[in-house]
Each structure stands twice: as C-alpha cells, then as structure tokens.
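Since every read-out is calculated from the coordinates, none of them should be taken as a lab result. Note that the structure is predicted; figures quoted are calculated from it, not measured. Glycine gets a Cβ as well: all are built from the backbone with ideal geometry, and neighbour counts include every protein chain shown.
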Amino acid sequence: MCGIVGYVGTEQAAPILLDGLAKLEYRGYDSAGIAVSEDGKISMKKARGRLKVLDELTHGGQTMSGCAGIGHTRWATHGEPSDVNAHPHINQDESIVVVHNGIIENYQKLKKNLEKRGYEFVSQTDTEVLAHLLDYYYHGDPIEAITKVMHRVEGSYALGILFKDHPEKVYAVRKDSPLIVGKGQSGNLIASDVPAVLKYTREVFFIQNEEIVCLDREEIHFYNVDGEEIEKESSKIEWDVNAAEKGGYEHFMLKEMYEQPKAVRDTFSPRIKNGTVEIEELGMGAEEIKEIKRIFIVACGSAYHTGVTAKYIFEEMAKIPVEVDMASEFRYRDPLIEEHSLVIIISQSGETADSLAALREAKARGAKTLGIVNVVGSSIAREADNVMYTWAGPEIAVATTKAYSTQLIALYLLSMHFSKVRGTITEEELTEMIMDLNRLPEQIEMLLNNKERIQRFANRYLAAENVFFIGRGIDYAISMEASLKLKEISYINSVAYAAGELKHGTISLIEEGTLVGAVVTQQHLYKKTVSNIEEVRTRGAFVLAVTNEGNTDIEKSADYVIYIPPTNKYFTNSLAIIPLQLFSYYVSVGKGCDVDKPRNLAKSVTVE
Ligand code: AGP
C-alpha cells in the first residue's frame, strides 16, 4: 500500500508535497518521489529509502519550482525498492507523469501490447504501464485519456497525474484504493488519506470508485467513468491537527497506547443511554436481531483477533453461532451464507483489500453486512449496509493498539445489545456489564502506568529468538494479538498457541530459557492453563503470566506475573493486552527497530 499526494495552487508545490508525504509515510516507506510542472515542463525527483532521502535530495523541495505537482511514498508490490522503481513514472517524451497506489493486475498483458507498439519500459513496476497507456490514449483531452485507461486496466488504483500540456492542473482517479480531495485556501490537494491535507484544509471530498477529479488552483471538477461532469458534496473533518502528530511521545505507537483510555470511552459512551446499550447506527430492529441465525466475523490481522474474542462472547452471551474468518480465506472458501446471516467486517482503515473483497462477497451472497471501522468515509464504511464507527481517532503507527481496543468495545456493545434483545441476559447482568465498561478506561490507564516494570522485563528478552504465547478461550485470542504485536515490531519469531494444544507437537520447541507468555484471565479455565504452564516450565521455559488480581498462587508456577484488575470475564482482553502491548513496544525499542514503521509492513494493506 502506498501514499499519494497532489497540490495545485499559488504556493510552490514541492515543499507541500513533501509535507503531505510525511503524513502518509506510514502507508509505505521504501522509496519516494515527486514531480512538478512549470512553464510546460515536468521535472521529477525520486529516491530509494525513507522520505528523508528525497527531502535532502531536493533541499526540502526548494530546488523544484512550480505550483502544481504530485508525490508518492511506496510500499513495493512489483519491482524491488529502487530509484528506478520509485514513483512517479513518466512517459517517454516526459509529457505525462503518474503516481499510483494499488495493483494493476493485467499489467503484463498491457505491457506486452505497448511494447509491440514501440513503447520502452525502464522499471519493473506495474505503474509504469499507466504512464505509457495514458500516452497512448492522450490526444489533447486528459479526461478522455483517463477514461480510456480505466476501461483497459484491471485491479486497484488511486492515481495522481500531471499532463505537460495542462501545467496548472492535477488529475486524479480511483478504483478500490482510497483517495480524497482537499479544498484549501492557497490551492487544492489530493491525497490517499486525510492527515496529508489537514494542515491546509478541513473541507474534503471522499472520492468514490471510478470517479475522476481535475483540480486547478481555484476549482475542483469531478467526472464519472463516461467523462460526464458530476456534482459532489464536501465533508468537514472534525479531527484536531495534533491528533495526527506525535504530541511529545517518542513514537506514535506509545502515544496511541496512551490514548486507549480515551478512545475506549469515546467508543462506548455514545452508545450507553438511559442505563442500556443503544446502537442507533446498527440499522437492525429487534425482530431482525432475534432472527439472526449465524454471525460471520471477517477481518485481517489484529482486527481478526478481536473477532476471535467476539466469537466466545457472542456464543456464550447471545447464544448465536459465530464463524470467524481471515478475510483472505473467507473470500475464496465459498462460505455458506444462509438467510438471516449477519456478516461483520472489522477494519481500522476501512481500506484493507481482502476485507473489502470479503464484504463484497458477503453482499453478493445476500448477507446483511455491518462494518466496524475507524476511518470515517472509508470504502468498507461506505459499502457495508451499516457501519458502527470506532472512535479511536487517527491511528498512525503500523502496529494497531487503540483501534484494536476500540474494536473490542464495539463488539462487546454489539453482543450486549443482541443479548438484551434476545433475552439471553438479565437487566441486572446488563447493568453490571455497563458498570464494568465504565471502569475500563481508568483500569487501562493504571496498567499503562506500570510501564517501567514492563520495560525492565522486556530488556531481558531483546535477544530472544522464539517466544510463545498460550491461553484458552478468550485468553487464546489475547495470545494471538500479543504474538502479532511482538512479531511485527521486534522481528522476533513468536507463536500463539491454544494452551491445550501445545502437548500435541509444539511443546517439542520449548528449550531452556524459552519465554512463554501465558494469559490466564478466564477463571473457569485457570487450573487447566496453570497445568500447561507447569508442562512448559518443567521443560525449561521461563513463564510470564498475565492473570487476574487475587490469583497469587500462580506465583508457584510462573516466573513473572502481571496482574490485571477485576472486570467482566468477557472484557479481560481489553486489560490483559495492555502489558503485552507495552512488552512488545519496549522489546522493539530496545532492539532499535523502527517501532512506527516496521520493515516490510504498511499501515493498511490495500493490495491482495
Ligand atoms: C496490526 O498491528 C497490523 N497492523 C495488521 O495486522 C492490521 O491489523 C491488519 O492489516 C488489518 O488492518 P485493518 O484493520 O486496517 O483492516
């Protein structure tokens, strides 16, 4: 997944492009480039490496004059990270230049056709095909050329395009990759995501699939795939600008971990009214809720892990069968979606390609769909029948923390609401759970304040090569998330295992000193998991246990214990994950990894 920006206005474009790319670097950061047009000439600079390299190459953009330009920060899909594969890509006579987020799936065929017509390629990217295809179809009218290209290419794209013949204009078009337009004071902008334009404007347009945009310094025009002009309404962004800044924290991830108490409260408060749960945006009445026969929860990565937690809760509390799928599996497994099925797609970005495709598959099979999404106006938010937003605010760090925590809250609320409607919990139980929800923010805060102790413990494991996390039931789901957090930001091999499954093979990997993180918050499974702790300990493991206050006898079995305060048994994930997030964070920092932008990753994977 990559980040694209564009600007046209009264100011020099290059510094504005670099500033916008800096806000999008979390979307991809193996190379970057910008192109500007001035006096009928297009100039371009691009470089492998972080944006800093390009910034230094262009002296903060000062060496590139011109008031119209496009920029790109890359997460490589086709062609290794290199200067030549960095975007933008330009046609042979340097009259058309393009930046692209997405994948052109039929680029090989298009490339062969173009080569037969004498086009020469210099890069290994799919994107370069677009520059030459635009050239092939361009006869003076950019919109006509763009629509023709749209009819030829398959796959996903958000494009920023400059045409030398139209120096004071920036063109853009999207299909399945995100794109927004910002209407600013000094000019107009395009970007992959809101943070890139917030410094210049709060008035944005969310571009729908197959819509084309033409910006000049005053006006913004929109067209459909047939080249007909269309009208669009703008939206006002309410975020404060600092929300997308580090705010004095060393890393976005640490800042976002500390924002969890507020994010959790902001997500549940609007949905607790008159002592009960009210989810107005659900779009499902009592009868429809009572008729639900099965729930499918579909997501990727950490969002998938919240779905695994929710399965235990929905089935135990609401008595509704639940299937949880990784989106990349769901969309190809021919899911049997019968009548009265609800498909819940969970996604922080709302742009994850696999999750978006799964949503479309579920709708095509006639399911009612609900999105649990953090980014307002994102593709999944718009395409699901209904959307329940998590109010975590912008999440910049690639490793999710506050969005994960708010996804859990949304799922708790949903299961409480369904259980209330279906009569599987009493009013008293509901009231008790609401009180437990209200206690979560300060309990999370208390656990976050434990960070020094966790940092000291983490520093003992910087050289670890293999770490295991085990648990049963909801604790197994927590182990999955703990394991992913450690893997993705510290590059240590980590595995989450159902505690009861270890003895069926994996326990052979336990050696003297192997770290095993045991999550033991499900009191009814406590003894079983403690016996698994003893199994690994007798084989040399060092056991870190995360368990409920009061379970002090665990200190006879575990080497290091972190206690979480009392809460509803269904909500323990929200608390147990906090020390485990901190553990991963401090291991990553201790190893000198790039916490916010880990190698090989991107914040939202908008390609398959
Ligand atoms: C989690 O820390 C990772 N960044 C990743 O697993 C992420 O949860 C996954 O890619 C899903 O992203 P989404 O929530 O934006 O769809």
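Values computed for the structure shown
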quantity: For MET388, distant residues with modelled amide H under 5 Å away; calculated: GLY371, ILE372, VAL373
quantity: Where only C-alpha atoms are counted, convex hull volume of the range 531-608 per residue in Å³; calculated: 173 Å³
quantity: Scattering profile of the range 52-169 at q = 0.12, 0.24 Å⁻¹ [log10 I(q)/I(0), Debye over alpha-carbon scatterers]; calculated: -0.43, -1.57
quantity: Compactness of the range 337-441, expressed as Rg and Dmax over alpha-carbon positions, Å; calculated: 15.1, 42
quantity: Kirkwood Rh and Cα Rg combined as Rg/Rh, the range 272-362; calculated: 0.98
quantity: Fewest-first ranking of TYR586, TYR136, using other Cβ atoms within 10 Å as the exposure measure; calculated: TYR136, TYR586
quantity: Viscosity 1.002 mPa s, temperature 20 °C, Stokes-Einstein D of the range 69-117 from Kirkwood C-alpha radius, µm²/s; calculated: 175 µm²/s
quantity: R0 of 25 Å, Cβ-Cβ distance ASP216-HIS151: FRET efficiency to nearest 0.05; calculated: 0.45
quantity: Low-density loop positions, GluC sites (Glu not before Pro), the range 323-414 - DSSP coil, at most 11 other Cβ in 10 Å; calculated: GLU338, GLU339
quantity: Binned Cα-Cα distances of the range 296-336, short to long, each 5 Å bin given as a whole percent; calculated: 7, 26, 29, 20, 15, 3, 0
quantity: At 1.306 mPa s and 10 °C, Stokes D of the chain from Kirkwood alpha-carbon radius, µm² per second; calculated: 63 µm²/s
quantity: Ellipticity estimate at 222 nm from DSSP helix runs (n ≥ 4, -39,500 (n - 2.57)) divided over the chain, nearest 500; calculated: -10500 deg cm²/dmol
quantity: Alpha carbon Rg of the range 187-259, scaled by the compact-globule rule 2.2 N^0.38 Å; calculated: 1.42
quantity: The chain - percent relative contact order, Cα under 8 Å, separation 6 or more; calculated: 12 percent
